[in-house]
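Notes for the one structure printed next.
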Amino acid sequence: MQEPQHILILSSWYPNRKSPFLGNFVMNHARLIAQSYQVTLLHTVADESCSEIEIVETQHDQLREIVIYHPKGSHFFERRKAIDRAFDVGLSMISNVDLIHAHVLLPKGYLFVKAKKLFNCPLIVTEHSSIFSRQRQKSWSLKDHYIARTTRKHIDHLVAVSEFQQKDLTRYFKETPTTVIPNPVDVNLFFPATTPHSEKFRFLHISTLDTTVKNPFGIVDAVALLHEKGYRTFELVIVSDEPVEALSNYVDSKGLNNHIRFFGPCQAEELPPFYRASDAFVLYSDYESFSIVVAEAWACGIPVISTSVGIAANLSSALGIQVDARNPLSLAIGMERIFNGVTFDRKAIRDHALQFSNEAVLDAVKKLYADVLGKI
């Protein structure tokens, strides 16, 4: 099996103020594989404050990051021209690429193909988004359809982050080899509590509160049902980097301020104490490709109450409780069961999460790279 020396990382996502967590998946991947390879991470970013191209380059050990800021443009053709020009500048700064590992096909997948043709090397794409779910495909633009259709024939290997997501991807990419490689979790940072916490039973929810997929208001409705039934000695902690005013007002309208508390924004290293101080994690999404928060909860030995999404699809009873989406009563019943004493083997939950460790994921990526290069 061949071993690549230089990996080029591309992505349609880049961390920004509106969605800082999105690009972090890509950065985490780049940092992880830079433990074994020379890695260049190339981003193009539209910036309204730019009148001309600006280059920011950083180097840390084996990871080189190149960010090309460019004018945003006032219409489609102008924006497309600005992106292409910025990308060409970035490519001119790179040489000797053995393999391209790109993330999130839309909307910049055509740039992945451009780089593949320039460096004449394999292209692997990891999809993190829900864009290939049946529901999301219904809202695709003509541009989305064109980019996806013209790009897929150039992808040498596709990576899904969960078996749940793989079903959506293989429906569209019928002839593209596909592998499941999860997102990594730092299990040295996320580990179980070693001392008892508060006597008050605590549920935890961490997310962007994106109402198109997360349904945070449904979680509040479930808490309201528990409250109506007479439960008082519990609380729900919600951690988010996004504005919480609308949800907070909803909590206030339900008279649940004594049972629901908000925290955030938080850095990754600030999250483990929230998990370790909790008895159960709540995920009530309509769709998740992976759900890193579930993996983090399991790494901390915490059971989850979840809809059938991401790595919590077909949830084993040893890891938590499965509930129905868009059904607050189902969620309330699941929360009630754990509150009333359904027990879990916290060590077994932790052991299950080790498959998402940095070491396990890096081994899987290295094997994939060697397999893909070995077929050339």
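When restricted to residues that are surrounded by 13 or more Cβ atoms within 10 Å (Cβ to Cβ), more than 12 Å from GLU296 (Cα to Cα) and of a type in the set (A, V, I, L, M, F, W, C), the stretch 352-376 contains 9. The residues of the stretch 30-50 that are assigned to a helix (DSSP H, G or I) and either out of contact with any helix residue (DSSP H, G or I) (no Cβ under 8 Å at 6 or more places or on another chain) or at positive phi (or both), listed by number, are ALA30, ARG31. Can you find even one residue in the stretch 219-229 that is closer than 18 Å to PRO303 by Cβ and in contact with a Ser or Thr (Cβ under 7 Å, 6 or more places away or on another chain)? Checked against the condition, which is being closer than 18 Å to PRO303 by Cβ and in contact with a Ser or Thr (Cβ under 7 Å, 6 or more places away or on another chain), the stretch 219-229 yields no hits at all. Filtered by the rule that a residue be assigned to a helix (DSSP H, G or I) and surrounded by 13 or more Cβ atoms within 10 Å (Cβ to Cβ), the stretch 147-158 gives ILE147, ALA148, THR151, ARG152. Filtered by the rule that a residue be within 16 Å of ILE7 (Cα to Cα) and of a type in the set (D, E, K, R), the stretch 43-73 gives ASP61, ARG64, GLU65.
At least 1 residues being within 20 Å of the chain's Cα centre (by Cα) is the threshold, and among the helices (runs of 4 or more DSSP H) wholly inside the stretch 240-333 those reaching it are 272-276, 292-299.
Quick one: is SER139 assigned to a loop (DSSP other than H, G, I, E, B), free of Cβ contacts under 8 Å to residues at least 60 places away in the same chain and within 18 Å of TYR37 (Cα to Cα)?
no
The numbered conditions (1) farther than 27 Å from ASP210 by Cβ; (2) in contact with a Gly (Cβ under 8 Å, 6 or more places away or on another chain); (3) not in a helix (DSSP H, G or I); (4) not aliphatic (A, V, I, L, M) are all true for LYS347 except (3). Among the candidates VAL113, VAL161, which residue alone is in contact with a Leu (Cβ under 9 Å, 6 or more places away or on another chain) and surrounded by 15 or more Cβ atoms within 10 Å (Cβ to Cβ)? So the residue among VAL113, VAL161 that is in contact with a Leu (Cβ under 9 Å, 6 or more places away or on another chain) and surrounded by 15 or more Cβ atoms within 10 Å (Cβ to Cβ) is VAL113. Looking only at the stretch 94-105, residues that are in contact (Cβ under 8 Å) with a residue 40 or more places away in the chain and either surrounded by fewer than 20 Cβ atoms within 10 Å (Cβ to Cβ) or assigned to a helix (DSSP H, G or I) (or both) come to 3 in all.
On the stretch given as the stretch 175-231, residues that are of a type in the set (D, E, K, R) and surrounded by fewer than 16 Cβ atoms within 10 Å (Cβ to Cβ) total 6.
Let's see how each residue does on (1) touching a helix residue (DSSP H, G or I) at 6+ places or on another chain (Cβ under 7 Å); (2) of a type in the set (A, V, I, L, M, F, W, C):
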| site | (1), (2) |
| --- | --- |
| SER253 | no, no |
| ALA268 | no, yes |
| PRO273 | no, no |
| PHE290 | yes, yes |
| ALA299 | yes, yes |
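Quick check: is even one residue across the stretch 215-230 modelled with pLDDT under 95, assigned by TED's automatic domain parsing to the domain that holds GLN322, out of contact with any Leu (no Cβ under 7 Å at 6 or more places or on another chain) and in a loop (DSSP other than H, G, I, E, B)? Looking for residues that are modelled with pLDDT under 95, assigned by TED's automatic domain parsing to the domain that holds GLN322, out of contact with any Leu (no Cβ under 7 Å at 6 or more places or on another chain) and in a loop (DSSP other than H, G, I, E, B), one finds none in the stretch 215-230, hence no.
Can you find a residue that is of a type outside the set (A, V, I, L, M), in the same structural domain as THR179 (by TED's automatic domain parsing), within 22 Å of VAL365 (Cβ to Cβ) and out of contact with any Gly (no Cβ under 7 Å at 6 or more places or on another chain) anywhere in the stretch 132-143? Spell out the reasoning first.
Just the residues of the stretch 132-143 that are of a type outside the set (A, V, I, L, M), to begin with: 132-141, 143.
This time we only want the ones that are in the same structural domain as THR179 (by TED's automatic domain parsing), so: 132-141, 143.
Those still in the list that are within 22 Å of VAL365 (Cβ to Cβ) too: 132.
Cutting the leftovers down to out of contact with any Gly (no Cβ under 7 Å at 6 or more places or on another chain) gives us 132.
Within the stretch 132-143, one or more residues are of a type outside the set (A, V, I, L, M), in the same structural domain as THR179 (by TED's automatic domain parsing), within 22 Å of VAL365 (Cβ to Cβ) and out of contact with any Gly (no Cβ under 7 Å at 6 or more places or on another chain).
Yes/no per residue for (1) surrounded by fewer than 20 Cβ atoms within 10 Å (Cβ to Cβ); (2) in contact with a Pro (Cβ under 7 Å, 6 or more places away or on another chain):
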| site | (1), (2) |
| --- | --- |
| GLU269 | yes, no |
| SER278 | no, no |
| LEU315 | no, no |
| ASP324 | yes, no |
| GLY334 | no, no |
| ARG350 | yes, yes |
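Close Cβ contacts (under 6 Å, 6 or more residues apart or on different chains) running from residues in the stretch 354-376 that are modelled with pLDDT of 95 or more and aromatic (Phe, Trp, Tyr) to residues that are part of a helix (DSSP H, G or I) and buried (at least 18 other Cβ atoms within 10 Å of the Cβ) comprise PHE356/ALA295.
Could we say that LYS81 is farther than 22 Å from LEU368 by Cβ, touching a strand residue (DSSP E or B) at 6+ places or on another chain (Cβ under 7 Å), surrounded by fewer than 17 Cβ atoms within 10 Å (Cβ to Cβ) and free of Cβ contacts under 8 Å to residues at least 40 places away in the same chain here? Before you say what the answer is, go through the steps one by one.
On the way: farther than 22 Å from LEU368 by Cβ: yes; touching a strand residue (DSSP E or B) at 6+ places or on another chain (Cβ under 7 Å): no; surrounded by fewer than 17 Cβ atoms within 10 Å (Cβ to Cβ): yes; free of Cβ contacts under 8 Å to residues at least 40 places away in the same chain: yes.
Answer is no for this residue.
The values are calculated or read from the model by the stated rules, or taken from the named source; none is laboratory data. Please read these numbers as outputs of a predicted model, since none were measured by experiment. In this analysis, Cβ positions are derived from the backbone assuming ideal geometry, glycine residues included, and neighbour counts consider all displayed protein chains.
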